[in-house]
Each structure stands twice: as structure tokens, then as C-alpha cells.
Amino acid sequence: MSHLAIIGAGITGITTAYALLERGHSVTVLDRHRYPAMETSFANGGQLSASNAEVWNNWSTIFKGLRWILKRDAPLLMNPAPSWHKYSWLAEFVSNISRYRHNTTETTRLAIAARQHLFSIAEREGISFDHVRRGILHIYWDRPSFQRALEVNSMLVKGGLDRRPVTASEARCIEPAVHGDLYGGLYTPSDSTGDIHKFSVGLAKACEQRGAQFLFDANVDSITRSGMFRIGCTVGRAGGEQNLTIVEADGVVVCAGLASRHFAAMLGDRVNIYPVKGYSITVHLEDESSRHGAPWVSLLDDRAKIVTSRLGDGRFRVAGTAEFNGMNRDIRHDRIKPLVDWTRRLFPGVETNRVVPWAGLRPMMPDMMPRFGKGRQRGVYYNTGHGHLGWTLSAATAQVVADTISSELCSTESAA
Ligand SMILES: Cc1cc2nc3c(=O)[nH]c(=O)nc-3n(C[C@H](O)[C@H](O)[C@H](O)COP(=O)(O)OP(=O)(O)OC[C@H]3O[C@@H](n4cnc5c(N)ncnc54)[C@H](O)[C@@H]3O)c2cc1C
């Protein structure tokens with residue numbers, strides 16, 4: 001069996017580590033943070049949502065983006081400052097409009113496949129992650145957007161998803177907490193939600209118990225090869241010292257989120273990830289009225305492009321917005337405010353005096369499809385670029401990558 005070095009301890013890196021351990025490989029997971037899941041897998045929207053599988057490569061997203069370009073509180077925002085990476089990425093995004101239907105259906109299939117893996121891992125390893133299995137309800141406020149959603153729905157249904165149109169009053173029965181004049185909804189009973197950070201930390205512990213090595217505070221600087229792969233990293237030590245450490249491995253799996261593009265270039269591959277920023281707020285439900293007034297069914301408001309998750313009795317997560325502004329991680333008040341205002345409008349019983357804001361960067365490919373599988377060099381693999389659906393898809397892509405690694409590296413061993 002082989003030893004794999006995995007770069008990145010976000011959701012993609014940890015699910016990959018677990019899938020490899022299950023197949024009898026040994027793994028070392030390297031991350032520049034002291035703990036797992038401290039970047040994009042920290043406080044996302046929480047949705048395990050096959051129902052959100054629609055890729056964004058279509059003309060309506062482009063036209064909406066153009067309309068919103070100068071509106072500071074719009075769901076989609078772009079910093080127009082010149083950047084070769086941003087504009088070339090956007091050009092590639094547009095060139096993938098022809099793949100819109102195919103990629104939406106494929107993403108749906110992948111999301112459905114991921115569920116069973118994720119649920120069974122959580123059960124087997126006893127990971128509690130505030131999992132709520134009450135479905136996801138997409139809500140619409142007018143007839144044209146509902147009609148368009150029905151067209152999108154046909155692609156999701158083709159991918160195997162059970163997702164039904166519901167009237168405004170049926171939507172209210174499914175989730176009575178929502179206030180406002182709804183037009184209708186689409187309900188997916190099989191979708192669910194949970195805390196990605198809790199899950200990732202729990203799964204990292206399970207991996208350690210199964211023999212995985214974790215090297216934290218380890219910034220990977222170089223990858224070279226002379227027979228084995230040699231991964232060079234600067235490791236922080238207590239007292240502020242730093243050591244250069246080399247990890248040797250038979251293969252390397254790049255699960256480094258935004259940094260995957262940089263590592264791919266080092267390894268002779270092109271993985272064109274762009275950071276698409278988003279924000280979340282975690283509303284602490286500290287009194288009875290707030291706990292009662294917050295929804296349990298997860299929502300996606302199509303007009304505001306906002307998703308929600310109930311994380312146990314005491315927390316309510318609200319997330320959204322897409323911002324094209326490079327590697328900027330600043331938490332901007334004018335981007336957080338629309339999430340708070342939306343919460344107040346739809347759930348007037350919820351107090352918003354204790355709200356924790358967060359910003360994360362989605363590692364997005366221009367065709368919105370994750371990159372999972374082999375690189376050009378033997379022994380190089382990727383599980384990355386999951387964009388807005390890393391929580392939803394990782395458990396499935398990790399299985400595919402682990403199978404690919406097993407068949408390729410085991411065939412090398414038997415040939416040797
Ligand atoms: C606002 C928002 C809401 C979202 N909502 C949802 C949702 O509801 N459902 C859903 O499915 N998805 C959602 N997503 C997307 C999802 O969170 C991401 O796709 C996923 O977390 C990405 O995981 P990752 O492992 O690829 O990256 P990360 O979690 O960022 O992990 C990459 C890791 O690589 C490490 N790394 C990078 N460079 C180095 C280096 N040089 N040396 C060592 N380590 C390195 C980093 O430290 C990091 O820990 C949302 C994202 C955002 C921003």
C-alpha cells in the first residue's frame with residue numbers, strides 16, 4: 001500500500017484522507033493552520049444541497065451581474081479593477097455556457113451520490129455535526145422567477161432528484177416561520193444541512209485514530225521528486241521558531257482550496273481556480289422567541305441569493321453573496337448588513353443582537369465543476385475546485401479520487 005501526502009485539511013482534504021485510509025493506504029495531511037477546516041470549510045451556508053446543483057454558467061447570471069455591478073448591496077459584486085486572472089477566468093466562464101445543462105445534471109448526480117457516503121461516515125465514526133434532515137425549500141416571490149425555476153428543475157429531476165413545486169400555502173406549511181408574500185416554492189425533502197466545521201474536525205479525529213498523520217502549522221512551499229515526492233514545508237513551532245520539514249510520499253493529493261492553482265502550476269497542471277468571496281452570519285438564538293422564530297427547514301431565497309441552515313437549537317446560519325475581488329478576505333459591513341436585514345425581514349421574532357460575521361473564498365473553476373482525479377505526472381492527484389458546493393460534493397469526489405489512486409499506485413507496485 002502507498003503513502004500519500006495530502007495538501008490541505010479542509011473538507012476535501014479530510015474526506016480524501018478518510019477514503020484513502022479505508023482502502024489501506026497511509027496518509028500525511030499538511031495544513032498551514034493549527035487546526036482543520038479554518039479557511040473556506042469554516043462557516044459556510046451548511047447546505048448539503050443537490051437542489052442547488054445548477055451551475056452559474058448561463059446568460060441570465062451574466063445579465064444580472066451586469067445590472068448589479070455598481071450596487072454595493074447586490075448579491076453579486078465585481079471589483080472592475082484590471083486583473084488578468086479575473087478577466088481570463090470570466091472569459092472561460094462564458095465559454096462554458098454551452099455546457100450549462102450537462103454540468104447541472106452531472107452536479108446533481110454527484111451531489112446525490114455524496115449523501116450516502118457522508119451520512120454513513122458520520123454514523124460509523126459517531127460524528128455529531130448538527131445534522132438536520134428536514135429538506136431544503138427554495139422560495140420565490142414572483143411568477144417569472146418561479147417559472148424559470150421550473151425550467152431549471154427539469155435538469156435536476158433528470159439528474160435523479162426528487163424536487164417538487166409547492167404553492168405559497170404549502171411552502172408555509174413546510175416552514176411556518178417565513179414571513180412575507182411568497183409566490184411559491186420548490187421543495188427537496190432529501191436534502192439536509194449541517195455544520196461543515198464540526199464535521200471536518202470530527203472526521204480529522206477519526207482519521208487520526210485510523211493512523212493518519214497530521215502536520216499542522218505547516219506551510220507547504222515546494223514539491224520536488226527524485227523517486228519519491230518530497231514536500232517541503234515551513235513548520236511553526238512553539239515560541240515562534242520555524243523549521244524546514246520534508247515529507248516523503250509515493251503520491252501527492254492537492255486539496256488546497258484556492259492555493260491548488262499554485263500547486264498545480266508547480267506540478268505541470270492547470271487548475272484555474274478563482275476565489276469567489278461569500279459571507280455568512282451565525283445568529284445566536286439566545287431567547288425563546290428567537291429559537292421559536294427561526295426556521296428549521298433550510299431555505300434558499302432565489303431573489304436574495306441567500307441560503308440558511310439551522311445548526312441545532314441555538315444557532316441559525318445565513319449565507320450568501322458572490323464577490324469577484326481576488327484574494328481579499330475582509331469582512332465588509334455593507335456586505336454583512338443585507339444578510340442581517342434579510343433575517344429581520346423574514347424572521348421578525350429572531351433577535352440579531354448576537355451575530356457572528358464571516359467571509360470565505362469559494363475555490364471556483366470556470367465551468368463550476370470540481371477537479372478530481374489524476375494530474376499529468378504519475379502520482380499527482382487533485383480533489384479541489386468545488387466552488388459553491390464543496391460541502392455537498394466532497395464525500396463523492398473523495399471516493400473517486402481514492403479509487404483512482406488505488407488502481408494506479410497498486411498497479412505500479414505489482415509491476416515493480
Ligand atoms: C459564504 C459561503 C457559503 C457556502 N455555502 C455552502 C453550502 O451551503 N453548501 C456547500 O456545499 N458549499 C458551500 N460553500 C462552499 C464550500 O464551503 C467550499 O466549497 C469548501 O469549503 C471548500 O473546501 P476545500 O477543502 O476545497 O477548501 P478549504 O476549506 O479552504 O481548505 C483548503 C486548505 O488548504 C490549506 N492550504 C492552502 N495553501 C496551503 C499551503 N501552502 N500549505 C499548507 N496548507 C495550505 C488551507 O489552510 C486550507 O485549510 C460555501 C462557501 C462560502 C464562502
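Net length available on complete extension from Ser154 to Ser83 is 21.9 nm, with 0.36 nm assigned per residue and the Cα-Cα distance removed. Between Val356 and Gln242, the modelled labels are 2.9 nm apart [label points 7 Å from Cα along Cα→Cβ].
Under a 5 Å amide H cut-off, with hydrogens placed 1.01 Å from N, Arg362 pairs with Val276, Lys277, Gly278 among residues at least 5 apart or on other chains. Given H placed 1.01 Å from N in the peptide plane, which residues other than close sequence neighbours of Phe214 have an amide H under 5 Å from its amide H? So Phe214 has HN proximity to Val29. Here the Karplus curve 6.51 cos²θ - 1.76 cosθ + 1.60, taken at θ = phi - 60°, turns the phi angles of segment 257-269 into couplings of x, 4, 6, 4, 4, 5, 5, 4, 4, 4, 9, x, 10 Hz, with x standing for Gly and Pro.
With Cα atoms defining each centre, segment 168-242 and segment 21-97 are spaced 15 Å apart in the structure.
Can you tell me how much longer the chain between Met228 and Asp73 gets when fully stretched, taken as 0.36 nm per residue apart minus their C-alpha distance, in nm with one decimal?
Answer, rounded to one decimal: 50.8 nm.
Spin-label pair Arg270-Arg133: with each label point 7 Å from Cα along the Cα-Cβ axis, the two points sit 4.4 nm from one another. Farthest towards the positive end of the charge dipole of the chain, among the residues Ser154, Leu118, Gly251, is the Cα of Ser154, using unit charges on the Cβ of Lys, Arg, Asp and Glu.
Amide H to amide H distances under 5 Å link Leu76 with Ala322, where only residues 5 or more positions off or on other chains count and H is placed in the peptide plane. Between Gly320, Met365, Asn353, the Cα set farthest toward the positive side of the dipole of segment 298-406 (charges on each charged residue's Cβ, about the Cα centre) is that of Met365. Listed values for segment 187-195 are Karplus-derived 3J(HN,Hα) couplings in whole Hz (6.51 cos²θ - 1.76 cosθ + 1.60, θ = phi - 60°), namely 10, 10, x, 7, 6, 8, 9, x, 8, and x replaces Gly and Pro.
For the pair Arg23 and Glu92 in one chain, pulling the backbone fully straight at 0.36 nm per residue adds 21.2 nm over the alpha carbon distance. Computed about its Cα centre, the charge dipole of the chain is approximately 800 debye, with only Lys, Arg, Asp and Glu carrying charge at their Cβ.
Every number here is computed from the coordinates shown, using simple stated rules; none is lab data. Quick caveat, the model's predicted, so the values are computed rather than measured. Every residue, glycine among them, receives a Cβ derived from its backbone with ideal geometry; neighbour counts consider all protein chains shown.
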